[in-house]
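Colleague: My structure is below; once you've seen it, I'll send some questions.
The values are calculated or read from the model by the stated rules, or taken from the named source; none is laboratory data. From a predicted model like this one, the values you see are computed outputs, not experimental measurements. Backbone-built Cβ (ideal geometry, glycine too); neighbour counts: all protein chains shown.
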Amino acid sequence: MTEPRFLSPQPEQVAGNGLLHRRAFLTTSAALTGAAGLGFMTARPAAAQAPLEVPEWMKVPGAPMSGYGAPSRHEEQVQRRFSSSPGTVGSGVSRTPLEHLEGIITPSGLHFERHHNGIPGIDPDRHRLLIHGLVARPLMFDLESLSRYPLVSRIQFLECSGNGRANDAPEPPQVAVSEIHGLVSCSDWTGVPLSVLLDEAGVEPEARWIVAEGADSAAMTRSVPMAKALDDAIIALYQNGERLRPDNGYPMRLFLPGYEGNMSIKWLRRIEVTAAPMMTREETSKYTDLLPDGRALQFTFQMGVKSVITSPSGGLEMQDPGLYQISGIAWSGAGRIRRVEVSADGGQSWAEAALTDPVLPLSLTRFRMPWRWDGGPAVLQSRATDESGAVQPTRTALHAELGTNFNYHHNAIQSWLVSAAGTVSNVYA
Amino acid sequence: MLGAVAAQGVVALCMAWPGTLTAQEGPGLGVELTVEQIAAWDINVAPDGAGLPPGSGNARQGAEVFAVKCIACHSTDGEGGLNDPLVGGHGSLNGPEPLRTVGSYWPYAPTVFDYIRRAMPYALPQSLTDDETYALTAYVLQLNGIIGEDDVMDAASLPLVEMPNRDGFILAWPPTEER
């Protein structure tokens, strides 16, 4: 993408407390290669005293190739953080370490997990997918036969509907961004359109739902509207170019773009075509959103519009005052992200962030914003708008609408307080 | 004959959801199965009781199974220990600390059977007999005061059980304009 260069010698402040025009970084990089620096920058780091040394790794042959690469040993701190239900090891969640990642693709080994009874050890040669119920022909597929079907690939996010609920607590939890918002990930998913398989089975006229079931020890089961199944649902076989990881449904999973994560049934083994929803435990007693009057919203499938600043974020520490780049992710179950605005003064003033290409429907979108931190306290926020026009709500507005016990679909604006000391903490603003 | 039925299905599909079918065609590698072949995998139980198997049990029998296979996680009388409480919470849903249990929250009794059969006990799922599953379902319902100790739960009686929170849900799908 070609953007016009920002030509003013001083980057334009576009909102309160030091937010700069979203193209300011282009100017900065241009300026630094020339003679002129940015006027607001503080003193450069002290000049190096010792003569440069040639590092020892240039003086010996390097390591050999490997069959499957792994991250640098210096990156061992980049881990999913996980917690299990009491008395179990396999029920619970692990969270994507958003504070360590950039771009929009989540490395497969860092994709968040939510399991209801662990990861089954499936033999792909013995795994079968059954489609039955209101169909002309009940059909069974194996992995080899599915691999001959037409494949489609899309970069799309997956989010657990419980993501963000930590901020329903009365006091803001002082944890990393991943501990609050790390149940969202984004991958290049490749699979067979479910519509092709349903077409082959011959769906009966009265069919309105499918009921998808996993081959895990919870036999995890959700009902999905037929309209969604025929629209953009796929049987995913590949994630980021390789076969699905076991913790993401190997050898096959349902993938429902934009819908709450638990409906994209992992280790998919069975689809029953039905006239009505099955009202399973997961779609009645769990994954329903309790309202203040004691009733609950059911079948709130689509994930709302949301964004979060990942840098700087909770627990990180600023260095000296000066120029920083605010970076974050935005997404919506309704389609593309149209706009992300950023505030550095707790929502008093806003400016539009730059969206990094590609801006894809139902995908994470990376946004970035130059910010001149003057060393004083600041409250950083981001607010996303999607192509349907939906705007991410404040926490106050969300709670006014849904109370504090809804548990799922928490998409409120996240606020980070940068203190004068440079610490970053979670605040409700 | 089969082809004709299939063609009807496809036509109906196109009429119901115009424009959503992909133009793509598969190689037709699905292997056709009979209902008998599918039976062992077909464990869904609908809220109206469709799919419930033969068998029966009551709360007294369920209490005996519970004491051996469930008590470690759900504690005595289903109060909840390591894991979810199964009883209580009545009247709590609109308060500050709602307790969502089978008694206070679940809208359909057959779902209890469905879930126990497919996923419990946690350490040994799909190991219970259908009689044991009916008995445990009866016990959990009885602990919540929904049925009596001697009420027999089977494919005929379980769907008739009226759950206290049956009308507690507002359907967000289909979207209002499509209803």
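Colleague: Return only the number of the condition from (1) outside any helix (DSSP H, G or I); (2) more than 8 Å from every other protein chain (Cβ to nearest Cβ) that B:E25 does not satisfy.
Modeller: Against the list (1) outside any helix (DSSP H, G or I); (2) more than 8 Å from every other protein chain (Cβ to nearest Cβ), B:E25 comes up short only on (2).
Colleague: Is at least one residue of region A:125-132 out of contact with any Gly (no Cβ under 6 Å at 6 or more places or on another chain), free of Cβ contacts under 8 Å to residues at least 40 places away in the same chain and more than 10 Å from chain B (Cβ to nearest Cβ)?
Modeller: yes
Colleague: Can B:A59 be described as in contact with an Asp or Glu (Cβ under 7 Å, 6 or more places away or on another chain), under 19 Å from B:M163 (Cα atoms) and either of a type in the set (D, E) or buried (at least 16 other Cβ atoms within 10 Å of the Cβ) (or both)? Explain how you work it out, then say what you get.
Modeller: On the way: in contact with an Asp or Glu (Cβ under 7 Å, 6 or more places away or on another chain): yes; under 19 Å from B:M163 (Cα atoms): yes; either of a type in the set (D, E) or buried (at least 16 other Cβ atoms within 10 Å of the Cβ) (or both): yes.
Taking the combined requirement at face value, the residue satisfies it.
Colleague: Let me ask something else. Answer yes or no: is there a residue in region A:222-229 that is farther than 24 Å from B:D42 by Cα and surrounded by fewer than 23 Cβ atoms within 10 Å (Cβ to Cβ).
Modeller: For region A:222-229, residues farther than 24 Å from B:D42 by Cα and surrounded by fewer than 23 Cβ atoms within 10 Å (Cβ to Cβ): absent.
Colleague: So, in region A:273-315, how many residues would count as being crowded, with 23+ Cβ neighbours inside 10 Å, touching a Leu at 6+ places or on another chain (Cβ under 8 Å) and either more than 8 Å from every other protein chain (Cβ to nearest Cβ) or not hydrophobic (A, V, I, L, M, F, W, C) (or both)?
Modeller: Residues that pass the stated criteria total 7.
Colleague: Moving on to the next point. Which one is surrounded by the fewest Cβ atoms within 10 Å (Cβ to Cβ), of the residues in region A:150-196 that are acidic (D, E) and over 18 Å from A:L360 (Cβ atoms)? Give the steps one after another, and end with the answer.
Modeller: Narrowing region A:150-196 to residues acidic (D, E): A:159, A:168, A:171, A:179, A:188.
Then keep just the ones that are over 18 Å from A:L360 (Cβ atoms); that gives A:168, A:171, A:179.
On the way: A:D168: 17, A:E171: 7, A:E179: 20.
Taking the candidates together, the pick is A:E171.
Colleague: If you scan region A:254-272, which residues turn out to be crowded, with 22+ Cβ neighbours inside 10 Å and over 18 Å from the mean Cα position of the chain (by Cα)?
Modeller: A:W267, A:L268, A:R270, A:I271, A:E272
Colleague: What's the total number of residues in region A:260-294 that are under 24 Å from A:A136 (Cα atoms), of a type outside the set (A, V, I, L, M) and in a loop (DSSP other than H, G, I, E, B)?
Modeller: 1
Colleague: Those residues that are under 16 Å from A:A215 (Cα atoms) and either in a loop (DSSP other than H, G, I, E, B) or more than 9 Å from every other protein chain (Cβ to nearest Cβ) (or both), I need them from region B:40-51; list them, please.
Modeller: B:A40, B:D42, B:I43, B:N44
Colleague: Kindly evaluate A:A397 against the criterion of being free of Cβ contacts under 8 Å to residues at least 40 places away in the same chain and in a loop (DSSP other than H, G, I, E, B).
Modeller: Taking the combined requirement at face value, the residue does not satisfy it.
Colleague: Another question, then. For A:D188, are the conditions met, namely being out of contact with any helix residue (DSSP H, G or I) (no Cβ under 7 Å at 6 or more places or on another chain), charged (D, E, K, R) and more than 9 Å from chain B (Cβ to nearest Cβ)?
Modeller: The answer is yes for A:D188.
Residues checked against (1) buried (at least 21 other Cβ atoms within 10 Å of the Cβ); (2) facing chain A (nearest Cβ under 9 Å):
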residue: B:S104; (1), (2): yes, no
residue: B:P107; (1), (2): no, yes
residue: B:L128; (1), (2): no, no
residue: B:I170; (1), (2): no, yes
residue: B:P175; (1), (2): no, no
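Colleague: So which residues in region B:109-126 are more than 7 Å from every other protein chain (Cβ to nearest Cβ) and either buried (at least 21 other Cβ atoms within 10 Å of the Cβ) or of a type in the set (A, V, I, L, M, F, W, C) (or both)?
Modeller: Selection gives B:A109, B:P110, B:V112, B:F113, B:I116, B:R117, B:M120, B:A123, B:L124.
Colleague: How many residues are out of contact with any Phe, Trp or Tyr (no Cβ under 7 Å at 6 or more places or on another chain) and at pLDDT below 95 if we restrict to region A:89-133?
Modeller: Of the residues in region A:89-133, 3 are out of contact with any Phe, Trp or Tyr (no Cβ under 7 Å at 6 or more places or on another chain) and at pLDDT below 95.
Colleague: Next question. Can you tell me which residues in region A:87-141 are touching an Asp or Glu at 6+ places or on another chain (Cβ under 6 Å) and either part of a helix (DSSP H, G or I) or hydroxyl-bearing (S, T, Y) (or both)?
Modeller: Selection gives A:S94 alone.
Colleague: Next question. Can you pull out the residues in region A:142-169 that are more than 30 Å from A:L129 (Cα to Cα) and without any contact (Cβ under 8 Å) to a residue 60 or more places away in the chain? Let's see the steps before the verdict.
Modeller: Looking only at region A:142-169, we keep the residues that are more than 30 Å from A:L129 (Cα to Cα), and these are A:164-169.
A:A166, A:A169 - these are the residues of region A:142-169 that are more than 30 Å from A:L129 (Cα to Cα) and without any contact (Cβ under 8 Å) to a residue 60 or more places away in the chain.
Colleague: Within region A:322-331, is there a residue that is assigned by TED's automatic domain parsing to the domain that holds A:E401 and assigned to a loop (DSSP other than H, G, I, E, B)? Break it down into steps so the answer makes sense when it comes.
Modeller: As a first pass, look at region A:322-331 and keep what is assigned by TED's automatic domain parsing to the domain that holds A:E401: A:322-331.
With the extra rule that they be assigned to a loop (DSSP other than H, G, I, E, B), the set shrinks to none.
Taking every residue of region A:322-331 in turn, none turns out to be assigned by TED's automatic domain parsing to the domain that holds A:E401 and assigned to a loop (DSSP other than H, G, I, E, B).
Colleague: Residues in region A:396-424 that are under 21 Å from the mean Cα position of the chain (by Cα) and not aliphatic (A, V, I, L, M): how many?
Modeller: First, pick out the residues of region A:396-424 that are under 21 Å from the mean Cα position of the chain (by Cα): A:398, A:406-416.
Still in the running and not aliphatic (A, V, I, L, M): A:406-411, A:414-416.
Matching residues across region A:396-424 total 9.
Colleague: Right, another one. Taking region B:65-78 as the search range and keeping residues that are in contact (Cβ under 8 Å) with a residue 40 or more places away in the chain and not hydrophobic (A, V, I, L, M, F, W, C), which one is farthest from A:D216 (Cα to Cα)?
Modeller: B:D77
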